[in-house]
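Colleague: Following this message is one structure expressed as structure tokens.
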Amino acid sequence: MFQKLFAPIDMTEGAPWEKITLFAVPMLIGNIAQQLYNTVDSIVVGRYVGDNALAAVGSASPILNLLLVLFIGISVGASIMVSQYFGAREKEELASTVGSCVTLTAVSTVFIMLIGPVIVPPLLRLLNTPESIFDWCAGYLNILFIGVAGVAYYNILSGILRGLGDSVSALMYLLVATVLNIILDIVFVANFNMGVPGVALATAIAQAVSAILCMWKLLHMKEIFVLHARDFIPTKKHTLDIVRLGLPSGATQAIFSMAMIVVQSLTNSFGETFIAANVIVMRVDGFAMMPNFSFGTALTTYAGQNVGAKRMDRVTAGARQGTLIAVGVSAAITALILVFGKYLMGIFTATEGLVELSMHLMQILAVGYIAMAVTQGLSGVMRGAGDTMTPMWISLITTVAIRVPIAYGISWLTRTSELPNGNQDCIYISLLISWLCGALITFFFYRRGRWKKKAL
């Protein structure tokens, strides 16, 4: 029973909704643990250092996400290839894909370690980061970029495990890292008074531990594939496939991160209080988004395995069932957040006005989470089938062509003598509109069906 729990799930047989749910539940728990990384960081700095330190961690996030897009691209490309080769039972191709990913990640890690600390100060200046939190932001980012190998390898190796249908192992290693991160946060910040840099150091160490555990698991999956020294030499075929499949997803995240940077500049113009409220909302937002990302990833693996096995009938059935489940779970979690949101936000700060502002902003976004369940679910199916370009273009349209202009447009139209930078709600109204539009556009392209012709 224990071995079965940690074994890869074959999604090419059995009831689609059951296989998707069995895979998604550990993913959902894992996403809760992943969100605890950021949440605990924010709670510790907010409670032990202050609201400005909380704002510093939040202001650093868009830059961090922008520079991690290389790993996101490799991870998505690897997950799609692994799921399709696993479904097709091609062990040698599977081993070569995993080995190529390990080597490509090493090259990307060195690049980020070198370029990250160099571009942090000018990017923070470009974002109009307040001087009161500038040094904290820079210190936080520099430590994470120097220790980026752990973050990179965990995300990519856990993506490979999920592509194989093993979401339980990735979950267990993430839980180990989460507990370690919480302990180190308290030790570094509360006991050693290291402030914001202590939070970054705790995260880097914890992620490195989880990455080592993931690699250990992959090396011992000999019943699925066996890694040889030759597999770590990237082949032209596998490298190009990883880039072809992963680049659009990496570009999607890059577009999203760049738009976040542009919007962050507008956010910073509203002052430290609004920045801190934005951090609190984004932490709670992470929990609201969890079912969407979990079922989206589950559907990517499900679609990949069934496309590899040439079972398109199962792909469409699973897309329908999985998306409906995601919508239901998302609606339930959103309702709970609306009812108990104030209590959650009160964990981050004792400032009543900050809690009230955060809750107001969350209420604006509420219905958008259900729309995102549709977007993530159907996008996951298209990616699993090998069509990573369509979700990229949808992200480009909704983020760049819809969200950013609406945010700045509302800000400009609502400027008064009392509100020289406009109404701060513009940040969240624009995000809600982009989410609703994204769901409609994604549904249209899914129904169009061209993604069915994109398999490896």
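Colleague: Lys and Arg at +1, Asp and Glu at -1: add these up for the other residues within a Cβ distance under 14 Å of Lys453 and post the number.
Modeller: Taking every other residue near Lys453 into account, the sum is +4.
Colleague: Tell me the angle of helix 167-185 to the major Cα principal axis of the chain, expressed in degrees between 0 and 90 and rounded to the nearest ten.
Modeller: That works out to roughly 30 degrees.
Colleague: Dividing the alpha-carbon Rg of the stretch 107-225 by 2.2 N^0.38 Å yields what? Mind showing how you got there, number by number?
Modeller: Working: Rg = 16.6 Å, N = 119, 2.2 N^0.38 = 13.5 Å.
Ratio of Rg to 2.2 N^0.38 Å for the stretch 107-225: 1.23.
Colleague: Filter the trypsin sites (Lys or Arg not before Pro) in the stretch 45-95 down to the DSSP loop ones having no more than 16 other Cβ atoms within 10 Å, then list what survives.
Modeller: Numbers: sites: Arg47, Arg89, Lys91; in loops: Arg89.
Loop-located and lightly packed - Arg89.
Colleague: Once you keep just the Cα pairs under 8 angstrom separated by 6 or more residues, what percentage relative contact order results for the chain?
Modeller: Details: 760 pairs, mean separation 107.6, N = 456.
About 24 percent, as a whole number.
Colleague: Counting only heavy atoms of protein chains, what accessible area per residue, in Å², does the chain have with a probe of 1.4 Å? Please list the in-between numbers first.
Modeller: Numbers: 18310 Å² over 456 residues.
It amounts to 40 Å² per residue over the chain.
Colleague: Accessible area of the stretch 159-283 with a 1.4 Å probe: how many percent of it is carbon plus sulfur?
Modeller: Details: 3560 of 4820 Å².
So the carbon and sulfur contribution to the accessible surface is 74 percent.
Colleague: So, one more: Among Val339, Met362, Ile397, pick out the residue whose Cα is farthest towards the positive end of the charge dipole of the stretch 330-449, where Lys and Arg carry +1 and Asp and Glu carry -1 on C-beta, about the Cα centre.
Modeller: Ile397
Colleague: Treating the angle as unsigned and between 0 and 90°, give the value, to the nearest 10°, between the Cα long axis of helix 148-163 and the longest Cα principal axis of the chain.
Modeller: On a 0 to 90 degree scale, this one is about 50.
Colleague: Using a 1.4 Å probe on the protein heavy atoms, what percent of the accessible area of the stretch 286-398 belongs to carbon and sulfur? Could the numbers behind the result be given before it?
Modeller: Working: 2780 of 3850 Å².
So the carbon and sulfur contribution to the accessible surface is 72 percent.
Colleague: Above 14 angstrom, tally the Cα pairs of the stretch 41-113 and express them as a % of all pairs, no decimals. Don't jump to the answer; show the numbers that get you there.
Modeller: Details: 1832 of 2628 pairs.
When all Cα pairs of the stretch 41-113 are counted, 70 percent exceed 14 Å.
Colleague: Tell me the angle of helix 236-268 to the major Cα principal axis of the chain, expressed in degrees between 0 and 90 and rounded to the nearest ten.
Modeller: That works out to roughly 10 degrees.
Colleague: For Cα pairs less than 8 Å apart in space and 6+ apart in sequence, what is the mean separation divided by the residue count of the stretch 337-438, i.e. the relative contact order in percent? Walk me through the numbers on the way to the answer.
Modeller: On the way: 80 pairs, mean separation 31.5, N = 102.
Reported relative contact order: 31 percent.
Colleague: What is the dipole size for the stretch 351-456, taken about its Cα centre, with +1 at each Lys and Arg Cβ and -1 at each Asp and Glu Cβ, in debye to the nearest 20? Mind dumping the intermediate values first?
Modeller: Working: 9 positive and 5 negative charges, 204 e Å.
Result for the stretch 351-456 is approximately 980 debye, rounded to the nearest 20.
Colleague: Relative to the present Cα-Cα distance, how much length would full extension add between Leu419 and Val367 at 0.36 nm per residue of separation? Please list the in-between numbers first.
Modeller: Details: separation 52, 0.36 × 52 = 18.72 nm, distance 2.72 nm.
Once the chain is fully extended between Leu419 and Val367, it gains 16.0 nm.
Colleague: Ranked highest first by the average count of other Cβ atoms within 10 Å around their residues, in what order do 71-84, 361-374, 412-425 fall?
Modeller: Going from most to least packed, we get 71-84, 361-374, 412-425.
Colleague: Sticking with this structure for a sec: Once a ≥ b ≥ c are taken as the square roots of the eigenvalues of the Cα gyration tensor of the stretch 160-221, is the result rounded (a/c under 1.5), prolate (a/b larger than b/c) or oblate (a/b not larger than b/c)? Don't jump to the answer; show the numbers that get you there.
Modeller: Working: a/c = 3.55, a/b = 3.06, b/c = 1.16.
Since a/c reaches 1.5 and a/b is larger than b/c, the shape of the stretch 160-221 is classed as prolate.
Colleague: May I ask you to give the percent of accessible area on the stretch 60-153 that is carbon plus sulfur, with a probe radius of 1.4 Å?
Modeller: On the way: 2390 of 3410 Å².
Answer for the stretch 60-153 is 70 percent, counting heavy atoms of protein chains only.
Colleague: Once you put a point 7 Å from the Cα of Ile119 and another 7 Å from the Cα of Met312, both along the Cβ direction, what distance in nm separates them?
Modeller: Once both label points are built, they end up 4.0 nm from each other.
Colleague: Let me check against my output: what whole-number percent is the relative contact order of the stretch 119-253, with C-alpha pairs under 8 Å and at least 6 apart?
Modeller: On the way: 98 pairs, mean separation 39.4, N = 135.
Relative contact order for the stretch 119-253 comes out at 29 percent.
Colleague: Please say if the stretch 233-375 is rounded, prolate or oblate, where rounded means a/c under 1.5 for a ≥ b ≥ c the square roots of the C-alpha gyration tensor eigenvalues, and otherwise the choice is prolate for a/b larger than b/c and oblate otherwise?
Modeller: oblate
Colleague: Which value, in debye to the nearest 20, describes the size of the charge dipole of the stretch 86-229 about its Cα centre when Lys and Arg Cβ atoms bear +1, Asp and Glu Cβ atoms bear -1, and nothing else is charged? Please report the intermediate quantities before stating the final value.
Modeller: Numbers: 6 positive and 8 negative charges, 30 e Å.
Dipole about the Cα centre, nearest 20: 140 debye.
Colleague: Stretched out fully, how many nm does the piece from Val187 to Ala401 gain, at 0.36 nm a residue minus the Cα gap?
Modeller: Fully extending the segment from Val187 to Ala401 adds 72.6 nm.
Colleague: Still on this model: Please give the residues of the stretch 365-383, grouped as numeric ranges, whose backbone N is less than 16 Å from a label point set 7 Å along the Cα-to-Cβ vector of Arg244.
Modeller: Backbone N within reach: 383.
Colleague: Right, here's the next one. Which value, in debye to the nearest 20, gives the size of the charge dipole of the chain about its Cα centre, when Lys and Arg are +1 and Asp and Glu are -1 at the Cβ?
Modeller: 1600 debye
The values are calculated or read from the model by the stated rules, or taken from the named source; none is laboratory data. Because the structure is predicted, anything quoted here is derived from the model rather than measured. Quick reminder, even Gly has a Cβ in these numbers, built from the backbone with ideal geometry, and neighbours come from all protein chains shown. Heavy atoms of the whole protein, side chains included, go into the accessibility calculation; ligands, DNA and RNA do not. Shrake-Rupley method; radii C 1.70, N 1.55, O 1.52, S 1.80 Å.
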